[in-house]
Amino acid sequence: MALSPRLAAVVDALPLRPGMRVLEIGGAPGAAAREVARRIGEGHVHVVDRSARGVRLIERTCAAEIQAGLLSVRCVDVQDLDPAGQEPFDLAFACRVGVFDGRHPGEEARRRVAAVLAPGGRFFVDGGDPLREVDLRAAG
């Protein structure tokens, strides 16, 4: 699955480093997650999507990365993210997710993302050129 020009610009804009733990929010169909996994090597990409259909699509399109342990996916709404039992993420990003682009109220979602990021972790959403960084310090 090739990246669209829009998603390619998003992935290119992320400050990725080998070995990072990255959270993608609302990641169906999985094209961006696959490319991020390729770029971070032995790191890990965790994708959350609130749609069971979206999760099944990611499981199909990212089967090799999942089997290799480079990628995982879970059906959960971002407002229900829980940091318990998982390592924190170095970076999180979301594209076309209503609670982050102003279509829906998103304060709880921002608090939840802040809770799963490592100290110094960064959060990016679409809507910039092509991304904008969201300061979550007040949300934690």
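The values are calculated or read from the model by the stated rules, or taken from the named source; none is laboratory data. From a predicted model like this one, the values you see are computed outputs, not experimental measurements. Glycine gets a Cβ as well: all are built from the backbone with ideal geometry, and neighbour counts include every protein chain shown.
Summary of values
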{"quantity": "3 or more residues more than 24 Å from P5 (Cα to Cα) and out of contact with any Lys or Arg (no Cβ under 8 Å at 6 or more places or on another chain): qualifying strands (runs of 3 or more DSSP E) within region 26-140", "calculated": "117-126"}
{"quantity": "Residue that is surrounded by the fewest Cβ atoms within 10 Å (Cβ to Cβ), among those in region 39-52 that are farther than 17 Å from E87 by Cα and either at pLDDT below 95 or in contact with a strand residue (DSSP E or B) (Cβ under 8 Å, 6 or more places away or on another chain) (or both)", "calculated": "A52"}
{"quantity": "The one condition in (1) assigned to a loop (DSSP other than H, G, I, E, B); (2) within 15 Å of A92 (Cα to Cα); (3) not aromatic (F, W, Y) that A2 fails to fulfil", "calculated": "(2)"}
{"quantity": "So S72, is it of a type in the set (S, T, N, Q) and within 20 Å of G121 (Cα to Cα)", "calculated": "yes"}
{"quantity": "Single match in L3, L16 (criterion: under 13 Å from the mean Cα position of the chain (by Cα) and surrounded by fewer than 23 Cβ atoms within 10 Å (Cβ to Cβ))", "calculated": "L16"}
{"quantity": "Set F123, F100: member being among the aromatic types (F, W, Y), in contact with a helix residue (DSSP H, G or I) (Cβ under 8 Å, 6 or more places away or on another chain) and touching a residue at least 60 places away in the same chain (Cβ under 8 Å)", "calculated": "F100"}
{"quantity": "Selected residue [touching a Leu at 6+ places or on another chain (Cβ under 8 Å), surrounded by 13 or more Cβ atoms within 10 Å (Cβ to Cβ) and hydrophobic (A, V, I, L, M, F, W, C)] from V36, V55", "calculated": "V36"}
{"quantity": "Residue in region 118-132 that is at pLDDT 95 or above, of a type in the set (A, V, I, L, M, F, W, C) and surrounded by fewer than 20 Cβ atoms within 10 Å (Cβ to Cβ) present", "calculated": "yes"}
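Residue by residue, here is whether (1) among the hydrophobic types (A, V, I, L, M, F, W, C); (2) over 21 Å from R17 (Cβ atoms) holds:
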| residue | (1), (2) |
| --- | --- |
| A52 | yes, yes |
| E59 | no, yes |
| A64 | yes, yes |
| D129 | no, yes |
| V134 | yes, no |
